[in-house]
Amino acid sequence: MTLPTANAEANDMGLNDLGIEYGTILLVGSIFVLLLTGQPLAWVTGLVALVFTFGWFGGNALPLVTARIFGFITEYSLVAIPMFILMAALLDRSGIAKDLFNGMRVLAGRLPGGVAVQTLIVATLMAAMSGVIGGEIVLLGILALPQMLRLGYDRDLSIGVVCAGGSLGTMMPPSIVLIIYGLVASVSIADLFVAAVTPALMLLGCYIAYVLVRCFRNPDLGPPISAEERAEETIGSAIRSLIAPVFIVVAVLGSIYGGIASITEAAALGVSSVLIIALLRRELNARMLQDSLVHTLETCGMIIWIGIAAAVLVGVYNLMGGNRFVSAVMLGLDASPVAVILIMMLILLVLGMFLDWIGIALLTLPIFVPIVVQLGYDPIWFGILFAVNMQVSYLTPPFGPAAFYLKSVAPPNITLGNIYGALLPFIVLQLLVLAILLFFPGIATWML
């Protein structure tokens, strides 16, 4: 796209006389300075995008803005996002997850740390049902945290299990993070889902191993439930509690992996499955449906506005020559390709401390993914690294949304400081899995 008139006007304004190096510093610096004002990321990104669009190319650059917005909002893959968010909202307001958690007590409660292990397994099943994170942490904070604290579980261990388990939605298909990555990176979302299964189970395995090792070494950290409580649940009731969740998981993931439905169709199938189950359980009512739809609308509105602003910002930055500049800097480093990927991971980790994952994805991936391809790496593999990285960002302060989600439902005596302190061992485990996937790419891609 060429804008000769705009370029002429820009020369009069003098903004593009800065050069791409100083333009990049000014652009990034403007975003972080404006974020300190407390304004939403969408407004900050949109304002910076418009200033640089018209400041660099002049008043005739309006077609650039409209073209980028149209290209983003007409992307067909976006249709799956509201369906998965609606499915998560319906699950949060139904009793499916509660019955699942209660039924699992008979299967795991006899072990030291068994309720914590059960919480992690329930979190994984919930992630496989919806792929949305915030609601899982809140629900586990309501169901699992009081239960573990009542049984005498170590407070920090209980907090870490709820937040780390609830954050598995970034990895476990049908993850919204992977859908956004596939959309931005123009890679197969179905392939991303296949590649993500093994790393997601690795994370789950690390969490479970950590809990069991600590609780077997010191049973006081996670005492088993009493015989009286075990008697309240039977094997039959536990199996019945698994029927609905397993049905939803099979309906969504089974239809995708079996080649029966696309991602969008599978999302709609998942919503239909939850609605039918809620109707059969006599839980579906007008209030539940209204609350779920309002939550879906609010969440999708946030995603769309951030996406629009980021699409314009990335578009104008690329037209300024930013993608070529960043690519030249990265590829020109006197470092191995693995070191370049490590630098990208470090950048994502730092950004994850301050920005929401949606903004990080839409701002960085259009620049990073082409470099990854130029280095000869598989963008599917990089997508898995990105998803694990974003899971780390859900736990790390000062932003760490998992901590805020849990704080909203935790007992008053549990502070944000307590929560962040409890998350440190689980952050280390996430970074360990990230390192393993970085140096052994085949773990993520062996099923492709």
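Miscellaneous remarks
- Per-residue ³J(HN,Hα) for the range 271-283, Karplus 6.51 cos²θ - 1.76 cosθ + 1.60, θ = phi - 60°, Hz, x for Gly and Pro: 4, 4, 4, 5, 4, 5, 5, 4, 5, 5, 7, 6, 9
- Virtual spin-label span in nm between residue 66 and residue 413, 7 Å along Cα→Cβ: 6.2
- Averaging Cα coordinates gives a centre for the range 321-361 and one for the range 49-75; these two points are 24 Å apart.
- All Cα-Cα separations within the range 212-359 were binned at 10 Å from zero, giving a P(r) of 8, 16, 21, 25, 20, 8, 2, each value a whole percent of the pairs.
- Amide H contacts under 5 Å for residue 113: 222, restricted to partners 5 or more places along the chain or on a different chain, H placed in the peptide plane at 1.01 Å from N.
- In this view, the solvent-accessible surface of residue 73, computed with a 1.4 Å probe and all protein chains in place, comes to about 90 Å².
- Calculated accessible area for the chain comes out at 41 Å² per residue, all protein chains present (probe 1.4 Å; ligands, DNA, RNA ignored).
- Rounded to 10°, Cα long-axis angle of helix 189-217 versus longest principal axis of the chain: 50
- Folded to 0 to 90 degrees: helix 80-93 orientation relative to the chain principal axis, Cα: 30
- Listed values for the range 294-303 are Karplus-derived 3J(HN,Hα) couplings in whole Hz (6.51 cos²θ - 1.76 cosθ + 1.60, θ = phi - 60°), namely 5, 4, 5, 5, 5, 5, 5, x, 4, 4, and x replaces Gly and Pro.
- Compactness of the range 329-441 was expressed as the Cα radius of gyration divided by 2.2 N^0.38 Å, which yields 1.18.
- Helix 235-249 axis, angle to the chain major axis (alpha carbon atoms, nearest 10°): 20
- Protein heavy-atom surface of the chain, 1.4 angstrom probe: 69% of the accessible area is carbon and sulfur, with nucleic acids and ligands not counted.
- Computed FRET value (nearest 0.05) for residue 33 with residue 75, which takes r as the C-beta separation and R₀ as 22 Å: 0.10
- Rounded to the nearest whole Hz, the Karplus-based 3J(HN,Hα) values (6.51 cos²θ - 1.76 cosθ + 1.60, θ = phi - 60°) of the range 431-448 follow the sequence 5, 5, 5, 4, 5, 4, 5, 5, 8, 10, x, x, 4, 8, 10, 5, 8, 7, with x at glycine and proline.
- Accessible area of residue 21 (1.4 Å probe, protein heavy atoms only, ligands and nucleic acids ignored): about 100 Å².
- Once the Cα-Cα distance is subtracted from the 0.36 nm per residue extended length, the residue 448 to residue 329 segment shows a gain of 39.7 nm.
The values are calculated or read from the model by the stated rules, or taken from the named source; none is laboratory data. Note that this is a predicted model, so its numbers are computed, not measured. Quick reminder, even Gly has a Cβ in these numbers, built from the backbone with ideal geometry, and neighbours come from all protein chains shown. Accessible surface is based on the protein model in full, side chains and every heavy atom, while ligands, DNA and RNA are left aside. Shrake-Rupley method; radii C 1.70, N 1.55, O 1.52, S 1.80 Å.
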